[in-house]
Structures are given as structure tokens and as C-alpha cells.
Amino acid sequence: MADIVDGGGPDSVFPDTLDGGNPATVYPPALTPLPEGRPVPSVQIIVADVKPGTAAVDVYRIADGRTTLVRGGIRKSAIGGTTLVDWEAPFGVPIQYRAEQFDDTDTSLGFTETSTTTLEVTDTWIHQPLNPSVAVSPLRLSKTAGDVARSTPGELVYVQGAEFATRVGGQRRGVSAVPFELLTRSLADADRLQAVFGQYGSRGAGVVCIRAPPPMRLPRTFYASVDEVHEVPVNIQIGREDITFTFEATEARPPAPGLVTAVLRRKDIDAAYPTRAARAAAYATRLERDSDYSLAGVADA
């Protein structure tokens, strides 16, 4: 059912019930799946219609049995609407999005309706969650996820006189020590994969984002801790650039969803147009301008 917003006079206050004015619908987010990989497959989210008085929104993703905040979508300014990209959207499964609306006193005004989409990607992608431009799509080899283990730690305790033990344990944990065997076809892709795990002169988050489609028996958005990566050149003696990477990945908490590196920057938009007038003429609204992710990285080209 659609949320109803107050359509009364200028002095009326929205009380979550109609006050006799003209009702209006709070529409769900508009979703655009972007499977091409620029820089990684993603879903663009536009929250254009919100309740009167909305100053900011939190944007949620519901997929693969989990509800999570979208990275960069926490208390995001929504005056006049807002847009963001979910760089960590899972592949090959239904994805739902909705936004919780807040006024300028940080009071919740409720949720928008829910939108659903699917990101149809058949390859495996690995990227750095804090910087999705550091990414690569290697070839997945047969040993990848050949053994997926989940543990529920605990112990059996026998009290005096008991015939059976009592199990004392904790909650089931995420997947652990999952084997990966990946192949890159060029030295450039090999360098990109190593950069995902960290490189000289920079500190990574220590957790990478791995996305593989069904029927792979992995979390669709797999945040993985990887301690050691083995790199084995294949036929390099005859001038080939194929390299096999093997490692074990254990599920871990991702970096806080409020942390993100901007992929589309103001300087990218400025660099795409010769004058301010040309930039203004290219877009009908500021929201449309801020949604033009085709310009990401233009300033560095």
C-alpha cells in the first residue's frame, strides 16, 4: 500500500493520517541496473519523491535474505531528491530497495514504497569496498568454492547424573576458509587484482567485496577477509600473461556503510563541459546532473 502524505494548507503538519487535503503518493525509488561494469556492475538508485519536510534518507537493500544499508546512503541529503549507486548489489537475484525519510530534526517520517530489480551478471567481480574503481573480473576456475564451510562453535557439557549432554554454544558463523582459484589474462588485470587486496603506499580496509552469480553457493555479496594470495604465472616462458591466483576467504564485516569514495566528482562534471552555461543547459535539474555517472573519471582521462 502506498504511503499517504498530507496535502492540506501551507500551515498543516503531516500526522500520518489524512487531514482533508489532497492525498499524494510517495513513490518508490527508481532503479537502473548497470551490468556493464563502469567501474563495476551496479544499480543506480534515484529517490525523487519524498514526504514533505524530508531532509535526508537512509537507503536500504533487501536481497539474499539480508537487509543492509547501501554504502553512501546514510542520512543522505534528499531535499529535492537524491541519487546514489549501489556498487555492492548482488548478481542474479531479486534486489529490493526502499528509503527511510527523516526531517531536519532527525525524526523518522517513515519509509517509501519498495522497488525491485535484478542485476543480471554472469561473471565474478572483486573490488575494494571503499573504492569501487579498484576492481577486476577474473575468470573463475573449477576449484573456486569447492568446499564452503560454516561453523557453529560450541561444546557438550555433562552435568552430574545427566544421561545426555547439554550443548553450550554460540550463533552460526559466516563461511570460512573458502578456496578461490582465479585466472587473469593480462598483466594489467593481474595488477588490478593485487591492488584490490592492497598495494605499496596505501592502506586498504583488509576486506574485499566478491560477487558471484548463482549457482555458486556463496553469499551473493561476499565481504571477505583474505590473509595471503598466491600468484602462479602460467606459460610465462612462452610469452603468455596468464596468471592463476589462489587464496582462502573468510566472511567478515564490511567497512562501515557510511564510508565511501566518490566515483562521480564535481570536477568530472566540470571537465565534461567547456563552460558553466553548457553544463547548465545539459541538465533539466540538479538531480539529473548528479545522476550522470557516465562522466565518472572524466577529469582523470
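Flag: LEU156 does not match the condition of being among the hydrophobic types (A, V, I, L, M, F, W, C), surrounded by 15 or more Cβ atoms within 10 Å (Cβ to Cβ) and touching a strand residue (DSSP E or B) at 6+ places or on another chain (Cβ under 9 Å).
Residues in the range 116-132 that are more than 25 Å from PRO29 (Cα to Cα) and surrounded by 19 or more Cβ atoms within 10 Å (Cβ to Cβ): THR124, TRP125, ILE126, HIS127, GLN128. One residue stands out among those in the range 226-236 that are surrounded by fewer than 15 Cβ atoms within 10 Å (Cβ to Cβ) and β-branched (Val, Ile, Thr): the one that is nearest to VAL178 (Cα to Cα), which is VAL232.
Of the residues contained in the range 137-151, one or more are found to be modelled with pLDDT under 95, within 25 Å of ARG253 (Cα to Cα), surrounded by fewer than 20 Cβ atoms within 10 Å (Cβ to Cβ) and among the acidic types (Asp, Glu).
Of the strands (runs of 3 or more DSSP E) entirely within the range 123-193, those holding at least 3 residues that are in contact (Cβ under 8 Å) with a residue 40 or more places away in the chain occupy 125-128, 131-136, 178-184.
Residues in the range 237-266 that are open to solvent by 70 Å² or more (accessible area, probe 1.4 Å), at pLDDT 75 or above and either touching a Ser or Thr at 6+ places or on another chain (Cβ under 8 Å) or not in a loop (DSSP other than H, G, I, E, B) (or both): 4 in all. For residues that are among the β-branched types (Val, Ile, Thr) and open to solvent by less than 10 Å² (accessible area, probe 1.4 Å), scanning just the range 170-225, find the one that is nearest to TRP125 (Cα to Cα). Applying the filter and picking the extreme gives ILE210.
The values are calculated or read from the model by the stated rules, or taken from the named source; none is laboratory data. For clarity, every value in this text was computed on a predicted model and none was experimentally measured. Cβ coordinates were reconstructed from backbone atoms using ideal geometry, including for glycine residues, and neighbour counts include every protein chain displayed. To get the accessible areas, we keep the full protein, side chains included, count just its heavy atoms, and leave off ligands, DNA and RNA. Shrake-Rupley method; radii C 1.70, N 1.55, O 1.52, S 1.80 Å.
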